[in-house]
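I'd like to ask you about the structure that follows.
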Amino acid sequence: MKATSHFKNIAWNLRCSLIIAEKDAKIYYLKPPVLIFGLLFPLFLFLAFVLGREISFRMLVPGLLTMSLFFTSSSIGPIIYPWERNARTYERLISTPISLPFLLLGDALAGFCYGVFISLVPLILGVVLFKAAIIHPLVLTLAMILASFCFAFLGILLSSPVTETPSQIMMLSAMVRFPLIFISGVFLPLDKMPVWGKIIAPLSPLTYAADLIRYSFQGQSYYSLVLDFSLLGLFSLIFLISAIAFHAQSLKRGI
Amino acid sequence: MGKKCPKENVNIQKGSKTNHRNAPLSIAIRAVDLTKYYGKLRAVDHISFEVKRGEIFGFLGPNGAGKSTTIRMLTGILKPDGGEIYLSGINLKDDLIEARRVMGIVPETCNVYVDLSVWENLMLMGKLYGVPKTKRKVRARELLERFSLHQRKDEKARKLSKGLKQRLILAMCLIHNPDILFLDEPTSGLDVQSSRLIRGIIKELKQKGVTVFLTTHNIEEANLMCDRIAIINKGKLAAIDTPQRLKGVIQGSQSVEVAFDRSKPDELRWLKDIPCVSRVEKLGNKFRLYTDDPDKVICEIVKYRELKSQRLTLLNTLGPSLEDVFLELIREEAE
């Protein structure tokens, strides 16, 4: 009886998560901060890296795809909470019959979908226009799904500090996200990175996503696939649990 | 399943509303020994009260008294540091989600989604409360009609005025036909038309058996609408009773309202000099004289009228207002 009730409760909350994700998609996907920090910044960063170098575009597709996945998936979370607090819709939402972890999950789902759909653009362009071959499509699919969730959870975690000003959170998220690009072997493969780079790269979840995506296209990975998937999963869990704890703490303090 | 309140009176009269689990309950809200700290500050200090089903219950207090903290605990937004809350017999600690399904909430600092249309805002809330699609649409149309928003249903909510937004907020919290409605300052800063509409709707809801928990700064509004009123000050309940009985708390605080057809420069000084008048307030073109002896004050006013060849346009005796009671209780607490 208790198990049935528990299952019903989870099913109800999951349903609410989907509704939250749908709401977020309608409201936030086209917000200027999302477009700027999620699409334009990484595009310019990519162009800054590519222009003037003699690297074939086909070789850059894994890096571009990883970066696109990272920036787009993690761009939704940081905007939602300060925006909703500022617009005075947050309190209304947290008083509806949905538990906090599932509310956060709904917001992460919105980031996940955004990341996956936007990242399909460089993927399709790379495959169709630049003849980039996907050697391991299953690994690529799983890596994209897991990495997108991981980065969406990171976005939710970055939105934990209580503020009503979206720009403050966007600044914080830029400070965290941009350095990760340079230490995670996104454009420069890990085996070609300097020693210091190889030491700090394992601290970034992006490293494992980049390694998996590179493996999908080039058939070679720096770490084993099991390690890449496991650590990406572990980072996802850490980000989600931390985000829940921080948001719950804010609520407890009455914010 | 939520634990049932141990002292619940389940012997309800015929025709009384039943909760969603078909358990008849006469008490809609029960707060027991509710306490909340912010750091070392005790914002709410061991308060207990009950709200009967179908009652409009006013919750008044000065700024910072603990009103919003209490309402946020009752709605499960804030977790109390001590005490228990039962809504329709459901203990919030045991089943918050279930408890939230039976209530509708209009928080004080609440807004609509301005990027969504009026209709989408209603649908969003309907979905979150699990109202089936067909029923949701029918109910939304009814509410739009009742709140005079039907002609603007496809407009983005950002185009609505404050009054219309507040109507939409109320409509959103009624989409699932809640048993209990929490309204935190529902008419604050609204135009007369919207305030009146919202008050009318609250009264209609009461007739349908909905319990309304209302906080307001408008004491006259509370006086006219509420069956019972609780006054909170410094986190403690200072009083809880019907408006009429609360007014009885202050003996001897009566007043006489008077207005003359022509204004004379010395009239305020003259009225203040009447021996048994403790205080005079000028309210527009009329004066309110606070006294223990209205009869004597009226005699003096009549003398003044004859002396100055004035005509009276208003003469009225008033008992203590709820505002007087409120101020008196707050003053007593401060002392």
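The values are calculated or read from the model by the stated rules, or taken from the named source; none is laboratory data. A quick note: this is a predicted structure, and the numbers were derived from the prediction, not measured. Neighbour counts are summed over all protein chains in view; Cβ atoms, including those assigned to glycine, are modelled from backbone coordinates with ideal geometry. For accessibility, only protein heavy atoms count, side chains too; no ligands or nucleic acids. Shrake-Rupley method; radii C 1.70, N 1.55, O 1.52, S 1.80 Å.
Could you tell me whether any residue of the stretch A:121-129 is touching a Gly at 6+ places or on another chain (Cβ under 9 Å) and not hydrophobic (A, V, I, L, M, F, W, C)?
No, every residue in the stretch A:121-129 fails to be touching a Gly at 6+ places or on another chain (Cβ under 9 Å) and not hydrophobic (A, V, I, L, M, F, W, C).
Residue by residue through the stretch A:128-137, note down the ones that are in contact (Cβ under 8 Å) with a residue 24 or more places away in the chain and assigned to a helix (DSSP H, G or I).
Result: A:P137, single match.
Hey, A:I10 hits all of (1) within 30 Å of A:F217 (Cβ to Cβ); (2) within 12 Å of chain B (Cβ to nearest Cβ) but one; which does it fall short on?
All conditions are met except number (1).
If we only count helices (runs of 4 or more DSSP H) wholly inside the stretch A:138-255, which ones have 2 or more residues that are open to solvent by less than 30 Å² (accessible area, probe 1.4 Å)?
Where helices (runs of 4 or more DSSP H) fall fully within the stretch A:138-255 and carry at least 2 residues being open to solvent by less than 30 Å² (accessible area, probe 1.4 Å), they are A:166-183, A:205-218, A:225-252.
Report, by residue number, each residue of the stretch A:1-60 that is open to solvent by less than 90 Å² (accessible area, probe 1.4 Å) and aromatic (F, W, Y).
A:W12, A:Y28, A:Y29, A:F37, A:F41, A:F46, A:F49, A:F57
Could you tell me whether any residue of the stretch A:63-82 is without any contact (Cβ under 8 Å) to a residue 24 or more places away in the chain and either among the charged types (D, E, K, R) or at negative phi (or both)?
The answer is no, given that none of the residues of the stretch A:63-82 is without any contact (Cβ under 8 Å) to a residue 24 or more places away in the chain and either among the charged types (D, E, K, R) or at negative phi (or both).
In the list B:K127, B:K156, which residue meets the criterion of being within 14 Å of chain A (Cβ to nearest Cβ), at pLDDT 90 or above and surrounded by fewer than 20 Cβ atoms within 10 Å (Cβ to Cβ)?
None of the others qualify; the one that does is B:K156.
Limited to the stretch A:65-117, what total is found for residues that are open to solvent by less than 10 Å² (accessible area, probe 1.4 Å), among the small types (G, A, S) and either within 11 Å of the chain's Cα centre (by Cα) or away from chain B (no Cβ under 14 Å) (or both)?
Qualifying residue count, the stretch A:65-117: 8.
In addition: Can you pull out the helices (runs of 4 or more DSSP H) entirely within the stretch A:31-95 that have at least 1 residues that are among the acidic types (D, E) and in contact with a Ser or Thr (Cβ under 9 Å, 6 or more places away or on another chain)?
Once the helices (runs of 4 or more DSSP H) in the stretch A:31-95 are filtered for at least 1 residues that are among the acidic types (D, E) and in contact with a Ser or Thr (Cβ under 9 Å, 6 or more places away or on another chain), what remains is A:90-94.
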